[in-house]
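Down below is the structure, laid out as structure tokens.
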């Protein structure tokens with residue numbers, strides 16, 4: 001028997017960082033709201049932790065998705081107020097994935113729709129295996145390493161003569 005194997009490219013991956021929100025409506029009678037954000041993409045759903053007593057929460061949480069169709073997929077973001085009985089809907093936003101650049105962080109601020117205030121939600125998207133090719137300038141920015149990190153593979157400086165192993169004794 002002959003087996004035929006078909007190669008399939010890896011499923012495109014997307015990292016979404018939900019940074020925070022600003023100006024959420026305070027729908028509480030006493031105190032302030034306890035907001036959290038839900039994120040859904042292609043039937044996969046996550047939620048941030050809720051933040052106590054604030055209309056300007058900072059979540060800074062990252063969620064990872066596989067994306068079947070990056071050209072038409074949209075992220076659905078909803079912001080809620082955590083309550084004991086049932087959570088209050090505060091607003092929502094849809095963000096399309098078309099136009100992302102592979103390997104480059106796309107920092108976005110989106111206005112929440114169906115919201116009782118002009119609240120904004122800040123997110124960062126990074127397409128791992130899909131999107132437009134980065135420009136040479138974007139590639140250069142992406143390749144710059146933070147201070148203290150090791151250099152990229154193959155770019156270690158040559159060892160200094162006589163520096164290793166150290167001399168023993170005296």
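The values are calculated or read from the model by the stated rules, or taken from the named source; none is laboratory data. Here the structure is a predicted model, which is why all the values come from computation and not from measurement. When we count neighbours, we look across all protein chains shown, and the Cβ atoms used for this are built from the backbone with ideal geometry, even at glycine.
Below is a table of values for the structure above.
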quantity	calculated
Residue 89 surrounded by 12 or more Cβ atoms within 10 Å (Cβ to Cβ), in contact (Cβ under 8 Å) with a residue 12 or more places away in the chain and under 30 Å from residue 9 (Cα atoms)	no
Criterion: touching a helix residue (DSSP H, G or I) at 6+ places or on another chain (Cβ under 9 Å) and at pLDDT below 95 - qualifying residue of 150, 166, 134	134
Residue that is modelled with the highest pLDDT [pool: residues in region 98-125 that are closer than 17 Å to residue 73 by Cβ, in contact with a strand residue (DSSP E or B) (Cβ under 8 Å, 6 or more places away or on another chain) and assigned to a loop (DSSP other than H, G, I, E, B)]	100
Pairs where the first residue, in region 43-54, is at positive phi and modelled with pLDDT of 95 or more and the second is in a strand (DSSP E or B) and surrounded by 16 or more Cβ atoms within 10 Å (Cβ to Cβ), C-beta under 6 Å, 6+ apart	none
Pair list, Cβ under 9 Å, 6 or more apart: region 118-141 residue buried (at least 20 other Cβ atoms within 10 Å of the Cβ), other residue assigned to a helix (DSSP H, G or I) and at pLDDT below 75	none
